[in-house]
Amino acid sequence: MKAIQIEAFGNPAEVMKLVDVPDVGAPGEGEVVIALEASPINMSDLLMISGRYGYRPKLPSIVGAEGVGRIVAVGGGVTHLKEGDRTLVPYPSAAWAERIKADGSRLRPLAGGDIHQLAMLGINPATAYLLLTEYVALPSGAWVIHNSANSGVGRALIAIAKSLGLKTVNVVRREDVVAEIKAIGGDVVLVDGPDLAKRVATETGGAPIALAVDGVADTSTMNLLGCLAVKGVLVFYSAMSGKPFVGPAQPLIFRDVSIRGFWLANWFDAATSDKITAMYDRLTPLVASGAISSPVAGTFSFGQIAQAVAVASKNRGKALFTPG
């Protein structure tokens, strides 16, 4: 079968290769085989392939981490899934292959919805949901601030926050995306800057903000820290600026603000199958209905690696592999 594999870390457009690999074979007890229909190229994929991420797989390695496909074979003991069902490629998986063998215990059939959006359900919406629910107990009506509102995680966070009764302060870095983020439900949308805390207080009526989500780092971290209430929590999930975070010590000392880090892989390592399934049961209707949606910049076959990577690297919409 065809798959995208790396044998060395480096420039993704150069080290990602379309190869023939042995077929995954028949499913074992409790397993299913999924024929991949669509899988996004995430920035985390490109960072991992270039050797600049939180882990390095043993080489050679089929790459990719999430997607959606049709079940083409069902192993013994699997009664909740059948051939022909559409389902997620479970995170994390070696997703960029024509077929993936997976444990069926935490998979569920997916109802209708845009296949490209469903392919992006596994990582970004899950990350957004956990950022909102794992660190601070937020009552209905509470405010949350995040500084990557135009990203896949940021767009998902807006919709999930609304479903939880929360309000969002959405920080962006370009004036031209302000109207779009407001249109998808952002309550307050502001361009980042050193006076962010003052503008946030004006827009929210001085409401306390207990949770800040940082996907940028650099001086944007300092701006977020200035917006947090006493005992507030700032959670990093990414550092898209590529720079170390900059921030004063005073909020941590005098306002008892804390800084945490989040990585989805760590959460999955600790979570039970029931907890994982419950999370996706909550998120799937939001994606299927279109409430959670990310722009798609293009779809590509496995043979179009260079073109797909070029589009994905611009970070102005997702590039997806659609091997079928």
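The values are calculated or read from the model by the stated rules, or taken from the named source; none is laboratory data. Computed from a prediction, not measured in an experiment: that's the story for all the values here. We place every Cβ from the backbone using ideal geometry, glycine too, and count neighbours over all the protein chains shown. We work out accessible area using only protein heavy atoms, side chains counted, and drop any ligands, DNA or RNA first. Shrake-Rupley method; radii C 1.70, N 1.55, O 1.52, S 1.80 Å.
Before moving on, here are some points about what is shown:
- Only residues that are part of a helix (DSSP H, G or I), free of Cβ contacts under 8 Å to residues at least 60 places away in the same chain and charged (D, E, K, R) were counted across region 267-318, and they come to 3.
- Condition check for residue 258: modelled with pLDDT under 95, over 22 Å from residue 189 (Cβ atoms) and open to solvent by 30 Å² or more (accessible area, probe 1.4 Å): no
- Figure legend. Inter-residue proximity from region 219-247: first residues more than 25 Å from residue 138 (Cα to Cα), second residues in a strand (DSSP E or B) and at pLDDT 95 or above, beta-carbon distance below 8 Å, spacing 6+ or different chains. Indicated pairs: 245/214; 245/236.
- Selection of first residues in region 73-85 that are surrounded by fewer than 11 Cβ atoms within 10 Å (Cβ to Cβ) and of second residues that are in a loop (DSSP other than H, G, I, E, B) and among the charged types (D, E, K, R), restricted to Cβ pairs under 7 Å at least 6 apart or on distinct chains, gives the following pairs, ordered by first then second residue: 76/29.
- Residue match in region 112-124 (condition: part of a helix (DSSP H, G or I) and under 21 Å from residue 236 (Cα atoms)): yes
- Here residue 147 fulfils each of the conditions (1) of a type outside the set (D, E, K, R); (2) touching a helix residue (DSSP H, G or I) at 6+ places or on another chain (Cβ under 7 Å); (3) under 25 Å from residue 56 (Cβ atoms) apart from (3).
- With respect to the conditions (1) open to solvent by less than 70 Å² (accessible area, probe 1.4 Å); (2) not in a loop (DSSP other than H, G, I, E, B), residue 206 lacks only one, and its number is (2).
- Screening residue 94 on (1) in contact with a Leu (Cβ under 7 Å, 6 or more places away or on another chain); (2) buried (at least 17 other Cβ atoms within 10 Å of the Cβ); (3) not in a helix (DSSP H, G or I) shows it passes everything except condition (1).
- Set 257, 200: member being closer than 15 Å to residue 168 by Cα and either acidic (Asp, Glu) or over 24 Å from the mean Cα position of the chain (by Cα) (or both): 200
- Scanning region 136-146 for any residue that is open to solvent by 60 Å² or more (accessible area, probe 1.4 Å) and within 21 Å of the chain's Cα centre (by Cα) turns up nothing.
- Test result for residue 246, assigned to a loop (DSSP other than H, G, I, E, B) and either at negative phi or hydroxyl-bearing (Ser, Thr, Tyr) (or both): yes
- Count of region 287-317 residues, restricted to those that are open to solvent by less than 30 Å² (accessible area, probe 1.4 Å) and either on the phi > 0 side of the Ramachandran plot or out of contact with any Lys or Arg (no Cβ under 6 Å at 6 or more places or on another chain) (or both), is 9.
- Total residues in region 22-60, condition within 24 Å of residue 73 (Cα to Cα), exposed (fewer than 15 other Cβ atoms within 10 Å of the Cβ) and touching a residue at least 24 places away in the same chain (Cβ under 8 Å): 6
- Selected residue (only one of 161, 201 is in contact with a Leu (Cβ under 9 Å, 6 or more places away or on another chain), of a type in the set (Gly, Ala, Ser), at pLDDT 95 or above and open to solvent by less than 70 Å² (accessible area, probe 1.4 Å)): 161
- Number of residues in region 221-243 that are closer than 23 Å to residue 133 by Cβ and either of a type in the set (S, T, N, Q) or not in a loop (DSSP other than H, G, I, E, B) (or both) equals 8.
- Residue check for residue 268: more than 25 Å from residue 167 (Cβ to Cβ) and open to solvent by less than 70 Å² (accessible area, probe 1.4 Å): yes
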